[in-house]
Amino acid sequence: MEGLLTLPATDLRDRSSTARSPKRNRNIHLQIEVRNGWTMIRVNEHFFKLQSSYLFSEIAKRVAAYRAIHPGKDIIKLGIGDITHPLPAACIKAFESAVKEMAEKATGYGPEQGYPFLRDKIAEHDFQARGADIAADEIFISDGSKSDAGNIQELFADNIKVALQDPGYPVYLDTNVMAGRTGTFTDGRYSGIVYLESTAANQFMPELPSEPVDLIYLCFPNNPTGATIDAGTLKQWVQFACDHKALILFDAAYEAFIRDENLPRSIYEIPGAREVAVELRSFSKSAGFTGTRCAYAVIPKSCRVYDAEGGRHNLHALWKRRQTTKFNGVFYAVQRAAEAAYSPEGRQQIRHMRDYYMANADLIRQEMTALGLALSGGENAPYIWIHTGQDAWEFFDTLLHKAGVVCTPGNGFGRCGQGYVRISAFNHFENVQIAMERIRAALATTSRRGAAVPIDAQIA
């Protein structure tokens with residue numbers, strides 16, 4: 001027996017927004033190829049809809065090709081947001097102490113949700129100190145907010161309507177493509193996704209969706225634009241989610257870089273957010289843990305999701321079930337190091353490190369403005385979003401080949417990023433100074449593009 005065996009579908013819904021190729025049957029997931037009486041392993045064909053390369057993989061590929069041609073050329077990387085400072089001394093001391101402790105006694109498996117000593121500190125310092133009603137047992141320690149952003153969508157139905165910012169962090173979109181929530185890719189966008197356009201015209205603050213959506217991805221301070229959100233605007237998003245039974249995935253990975261005390265650092269500072277929002281945080285940039293790996297997700301016990309009949313369910317319990325099944329927790333010593341970030345010494349050292357990076361951001365803003373390039377970000381975020389007036393990848397290649405500087409092309413973050421590049425403030429100040437001098441020289445013969453009017457991405 002050979003051919004295709006199509007099994008009956010019990011709950012296949014017609015989703016007009018999820019366009020299929022004419023060659024594909026809408027029962028694709030229920031088809032099993034049979035050859036000589038044996039079935040055959042089938043690939044998840046949604047992966048074929050992904051673009052050929054992840055943004056930062058393509059950057060690395062181009063940089064490697066340049067190095068091969070110019071092996072002795074010094075390259076300054078202001079592209080990917082990776083730290084250049086070592087771990088704070090307080091964290092190193094705690095790390096070493098924990099490893100010695102493990103040498104003296106077995107720690108065994110730790111709790112999948114994270115050790116109470118760290119969850120208690122997070123709840124106290126990151127939320128309760130700012131009036132946000134978050135308890136320690138509503139915090140789930142993980143190995144990164146990237147992992148959390150990709151993993152949590154497993155809990156949602158495959159036919160939900162997803163809304164995300166454009167430009168935005170590629171992981172939000174790509175993981176939903178992998179899960180089958182999108183249609184085909186045309187003119188820089190996938191059908192089936194609601195794109196929340198963030199442009200200079202709206203000061204990089206998207207409008208509320210004009211159509212029903214179920215899952216909303218918001219990132220503030222924003223990656224890549226550096227835009228921030230005030231309490232009044234964030235309240236509108238929370239109210240929208242309440243009114244439409246939607247869920248907000250609020251990525252606050254860069255909240256530590258907010259210098260304006262009037263801006264909210266957590267969505268849970270907004271009344272009603274506990275029922276409609278999940279928040280992601282990370283120690284990667286704030287405490288230099290990019291290679292150490294530690295982050296956390298906050299899922300309040302009152303946060304709800306719904307089944308097909310409208311029945312209400314506890315998202316906290318579902319995520320706990322998922323984590324205890326698929327995750328064994330973060331290394332004990334890493335969690336001890338993260339705990340030390342909340343000590344008086346740790347907080348002071350981390351504040352110094354953030355101020356150092358933000359001094360880089362101030363310099364980049366100053367130099368790019370002097371070149372007549374319109375920009376946003378860099379005031380309450382470690383990223384500067386620069387309008388180049390030309391194709392983003394062409395500008396990337398210009399800086400790489402003429403200045404030996406790596407930036408990030410904006411169209412890698414979405415169609416609205418075309419014509420922009422993102423410059424990261426994560427590097428040594430001396431390197432940033434050299435990079436700015438090189439960029440100035442490389443662009444000296446290029447005509448000025450646009451007025452030197454910085455765009456304040458913060459909504460007053």
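Condition first: part of a loop (DSSP other than H, G, I, E, B), assigned by TED's automatic domain parsing to the domain that holds TYR268 and of a type in the set (S, T, N, Q). Can you find one or more residues in the stretch 165-179 that meet it?
As a first pass, look at the stretch 165-179 and keep what is part of a loop (DSSP other than H, G, I, E, B): 167-169, 179.
Those still in the list that are assigned by TED's automatic domain parsing to the domain that holds TYR268 too: 167-169, 179.
If we keep only those that are of a type in the set (S, T, N, Q) as well, we get none.
No: the stretch 165-179 contains no residue that is part of a loop (DSSP other than H, G, I, E, B), assigned by TED's automatic domain parsing to the domain that holds TYR268 and of a type in the set (S, T, N, Q).
Identify, please: which residue in the stretch 160-174 is touching a Gly at 6+ places or on another chain (Cβ under 9 Å) and farther than 23 Å from VAL421 by Cα and is, among those, surrounded by the most Cβ atoms within 10 Å (Cβ to Cβ)?
Within the stretch 160-174, the first condition is being touching a Gly at 6+ places or on another chain (Cβ under 9 Å), and the residues that meet it are 161-162, 164-168, 170-174.
Then keep just the ones that are farther than 23 Å from VAL421 by Cα; that gives 161-162.
Working: LYS161: 19, VAL162: 24.
By that ranking, first place goes to VAL162.
Tally the residues that are of a type in the set (Gly, Ala, Ser) and surrounded by fewer than 16 Cβ atoms within 10 Å (Cβ to Cβ), restricting the search to the stretch 231-287. If you could, list the steps in order and put the result at the bottom.
First pass over the stretch 231-287, keeping only residues of a type in the set (Gly, Ala, Ser): 231-232, 241, 246, 252-253, 256, 266, 272-273, 277, 282, 284, 286-287.
With the extra rule that they be surrounded by fewer than 16 Cβ atoms within 10 Å (Cβ to Cβ), the set shrinks to 231-232, 272.
So the answer is 3.
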Hey, THR107 hits all of (1) surrounded by fewer than 19 Cβ atoms within 10 Å (Cβ to Cβ); (2) hydroxyl-bearing (Ser, Thr, Tyr); (3) in a helix (DSSP H, G or I) but one; which does it fall short on?
(3)
Condition first: touching a strand residue (DSSP E or B) at 6+ places or on another chain (Cβ under 9 Å), in contact (Cβ under 8 Å) with a residue 12 or more places away in the chain, of a type in the set (Phe, Trp, Tyr) and part of a loop (DSSP other than H, G, I, E, B). Can you find one or more residues in the stretch 262-271 that meet it?
no
List the residue pairs whose Cβ atoms are under 7 Å apart, where the first residue sits in the stretch 417-430 and is under 23 Å from ASP166 (Cβ atoms), the second is among the small types (Gly, Ala, Ser) and surrounded by fewer than 24 Cβ atoms within 10 Å (Cβ to Cβ), and the two are 6 or more positions apart or on different chains.
GLY417/ALA392; GLN418/ALA392; GLY419/GLY389; GLY419/ALA392; TYR420/ALA392; VAL421/ALA392; SER424/GLY81
For residues that are of a type outside the set (Gly, Ala, Ser) and free of Cβ contacts under 8 Å to residues at least 24 places away in the same chain, scanning just the stretch 174-207, find the one that is farthest from PHE220 (Cα to Cα).
THR186
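For residues that are assigned to a loop (DSSP other than H, G, I, E, B) and in contact (Cβ under 8 Å) with a residue 60 or more places away in the chain, scanning just the stretch 324-364, find the one that is surrounded by the most Cβ atoms within 10 Å (Cβ to Cβ).
Step one: filter the stretch 324-364 for residues assigned to a loop (DSSP other than H, G, I, E, B), giving 327-331, 341-343.
Add one more test, that the residue is in contact (Cβ under 8 Å) with a residue 60 or more places away in the chain, and what stays is 327-330, 341-343.
Numbers: PHE327: 16, ASN328: 11, GLY329: 20, VAL330: 23, ALA341: 26, TYR342: 18, SER343: 17.
The selected residue is ALA341.
Yes/no matrix, rows are residues, columns are (1) in the same structural domain as ASN223 (by TED's automatic domain parsing); (2) of a type in the set (Asp, Glu); (3) under 29 Å from ALA253 (Cα atoms); (4) without any contact (Cβ under 8 Å) to a residue 12 or more places away in the chain:
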position: PHE48; (1), (2), (3), (4): no, no, no, yes
position: GLY72; (1), (2), (3), (4): no, no, no, yes
position: ALA94; (1), (2), (3), (4): yes, no, yes, no
position: LYS105; (1), (2), (3), (4): yes, no, no, yes
position: GLY108; (1), (2), (3), (4): yes, no, no, yes
Exception for LEU318 within (1) surrounded by 23 or more Cβ atoms within 10 Å (Cβ to Cβ); (2) more than 17 Å from the chain's Cα centre (by Cα); (3) of a type in the set (A, V, I, L, M, F, W, C) falls at (1)
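Looking at the stretch 177-223, which of the residues that are hydrophobic (A, V, I, L, M, F, W, C) and touching a His at 6+ places or on another chain (Cβ under 8 Å) is surrounded by the fewest Cβ atoms within 10 Å (Cβ to Cβ)? Walk me through how you get there before you give the answer.
If we filter the stretch 177-223 for residues that are hydrophobic (A, V, I, L, M, F, W, C), which is where we start, we get 177-179, 185, 193-194, 196, 200-201, 204-205, 208, 213, 215-216, 218-220.
Next cut, touching a His at 6+ places or on another chain (Cβ under 8 Å) only: 177-179, 200, 213.
On the way: VAL177: 20, MET178: 16, ALA179: 18, ALA200: 19, VAL213: 21.
Within the stretch 177-223, the match that is surrounded by the fewest Cβ atoms within 10 Å (Cβ to Cβ) is MET178.
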Among (1) of a type in the set (Lys, Arg); (2) more than 20 Å from the chain's Cα centre (by Cα); (3) assigned to a loop (DSSP other than H, G, I, E, B), ARG274 falls short only on (3)
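Kindly check whether there is at least one residue in the stretch 383-393 that is assigned by TED's automatic domain parsing to the domain that holds THR228, surrounded by fewer than 23 Cβ atoms within 10 Å (Cβ to Cβ) and of a type in the set (Phe, Trp, Tyr). Explain how you work it out, then say what you get.
Within the stretch 383-393, the first condition is being assigned by TED's automatic domain parsing to the domain that holds THR228, and the residues that meet it are none.
Taking every residue of the stretch 383-393 in turn, none turns out to be assigned by TED's automatic domain parsing to the domain that holds THR228, surrounded by fewer than 23 Cβ atoms within 10 Å (Cβ to Cβ) and of a type in the set (Phe, Trp, Tyr).
Criterion first (closer than 30 Å to GLY410 by Cβ, part of a helix (DSSP H, G or I) and in contact with a Phe, Trp or Tyr (Cβ under 8 Å, 6 or more places away or on another chain)) does ARG67 satisfy it? Write out each step before concluding.
Details: closer than 30 Å to GLY410 by Cβ: yes; part of a helix (DSSP H, G or I): yes; in contact with a Phe, Trp or Tyr (Cβ under 8 Å, 6 or more places away or on another chain): no.
Taking the combined requirement at face value, the residue does not satisfy it.
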Can you find, within the stretch 122-149, the residue that is surrounded by the fewest Cβ atoms within 10 Å (Cβ to Cβ) among those that are in contact (Cβ under 8 Å) with a residue 12 or more places away in the chain and over 22 Å from VAL334 (Cα atoms)?
GLY131
Of (1) under 28 Å from ILE350 (Cα atoms); (2) buried (at least 17 other Cβ atoms within 10 Å of the Cβ); (3) assigned by TED's automatic domain parsing to the domain that holds ALA287, GLY79 satisfies all except one. Which?
(3)
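The values are calculated or read from the model by the stated rules, or taken from the named source; none is laboratory data. All of these numbers come straight from a predicted model, not from anything done at the bench. Every residue, glycine as well, gets a Cβ built from its backbone with ideal geometry; the counts of neighbours run over all protein chains shown.
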